[in-house]
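> Handing you this structure, nothing more for now.
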Amino acid sequence: VQLVESGGGLVQPGGSLRLSCGASGFSFSSYAMSWYRQAPGKERELVASITNKGGTTNYVDSVKGRFTISRDNAKNTVYLQMNSLKSEDTAVYYCRAYTPGVVYWGQGTQVTVSS
């Protein structure tokens with residue numbers, strides 16, 4: 001089983017990034033997918049989630065209207081489009097796959113928002 005995040009990096013405030021998480025080794029379309037983030041000295045928090053077929057999405061209040069989660073089950077990939085980035089979005093971003101009784105995590109990708 002692998003979840004591999006990519007797309008992180010350094011961006012200026014107000015900029016955009018698109019994170020990707022490629023999955024392998026399990027039945028991707030059977031799993032709900034989420035993006036979490038963890039800033040230095042803070043607990044890991046749920047940023048966005050999407051159901052297994054993509055019909056329902058949810059977001060933490062701080063990113064609503066700026067971030068969009070989506071998935072392509074044909075490509076076994078989940079995305080996080082991040083617009084209007086703020087310094088407080090700086091964190092390591094992790095993708096997570098979930099089905100009852102089973103959870104998989106990726107290794108994370110660093111997002112730094114700074115001028």
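> With every protein chain kept in the model, how would you rank VAL78, VAL1 by accessible area, 1.4 Å probe, largest at the top?
VAL1, VAL78
> With +1 assigned to the C-beta of every Lys and Arg and -1 to the C-beta of every Asp and Glu, and no other charges, what is the dipole magnitude of segment 63-115 about the Cα centre in debye, to the nearest 20? It would help to have the intermediate numbers written out before the result.
Working: 6 positive and 3 negative charges, 25 e Å.
Result for segment 63-115 is approximately 120 debye, rounded to the nearest 20.
> Hey, another quick one. Probe radius 1.4 Å, ligands and nucleic acids left out: which of PHE26, PHE67 has the largest accessible area, and how do the rest follow? If you can, show how the numbers build up before the last one.
Working: PHE26 30, PHE67 5 Å².
Greatest to least solvent exposure: PHE26, PHE67.
> How about segment 27-115: which trypsin sites (Lys or Arg not before Pro) there are in a DSSP loop, with at most 11 other Cβ atoms within 10 Å of their Cβ?
Working: sites: ARG37, LYS42, ARG44, LYS53, LYS64, ARG66, ARG71, LYS75, LYS86, ARG96; in loops: LYS42, ARG44, LYS53, LYS64, ARG66, LYS75, LYS86.
Taking segment 27-115 and a limit of 11 other Cβ atoms within 10 Å, the loop trypsin sites (Lys or Arg not before Pro) found are LYS42, LYS53, LYS64.
> Could you size up the charge dipole of the chain around its Cα centre, putting +1 on the beta carbon of Lys and Arg and -1 on that of Asp and Glu, and report it in debye to the nearest 20?
Charge dipole, the chain, about its Cα centre: 160 debye, nearest 20.
> Could you tell me which of GLY8, ASN52, TYR104 has its Cα farthest along the dipole of the chain towards the positive end, charges placed at Cβ (Lys, Arg +1; Asp, Glu -1), taken about the Cα centre?
Checked the options; the winner is ASN52.
> With contacts defined as alpha carbon pairs under 8 Å and 6 or more residues apart, what's the relative contact order of segment 13-96 in percent?
41
> May I ask which residue of TRP35, LEU17, ASN73 lies farthest towards the positive end of the charge dipole of the chain, with charges of +1 (Lys, Arg) and -1 (Asp, Glu) on Cβ and the Cα centre as origin?
Looking along the dipole axis, the top candidate is ASN73.
> So, one more: Once amide H atoms are placed 1.01 Å from N in the peptide plane, what residues at a sequence separation of 5 or more from VAL47, or on another chain, have their amide H within under 5 Å of its amide H?
Counting only residues 5 or more places away or on other chains, the set is TRP35, TYR36, ARG37.
> So, one more: Beyond 17 Å, what percent of the Cα pairs of segment 57-115 remain?
Details: 849 of 1711 pairs.
More than 17 Å apart: 50 percent of the Cα pairs in segment 57-115.
> If you don't mind, there's one more thing I want to ask. When all alpha-carbon pairs of segment 28-75 are counted, what percent fall beyond 17 Å?
38
> Still on this structure: Which order do peptides 101-108, 28-35 fall in by mean Cβ count within 10 Å, highest first?
28-35, 101-108
The values are calculated or read from the model by the stated rules, or taken from the named source; none is laboratory data. What you see is a predicted model; the values in this text were computed from it and never measured. With ideal geometry, Cβ positions are generated from the backbone for all residues, glycine too; neighbour counts draw on all protein chains shown. All accessible areas refer to the heavy atoms of the entire protein, side chains included, with ligands and DNA or RNA removed. Shrake-Rupley method; radii C 1.70, N 1.55, O 1.52, S 1.80 Å.
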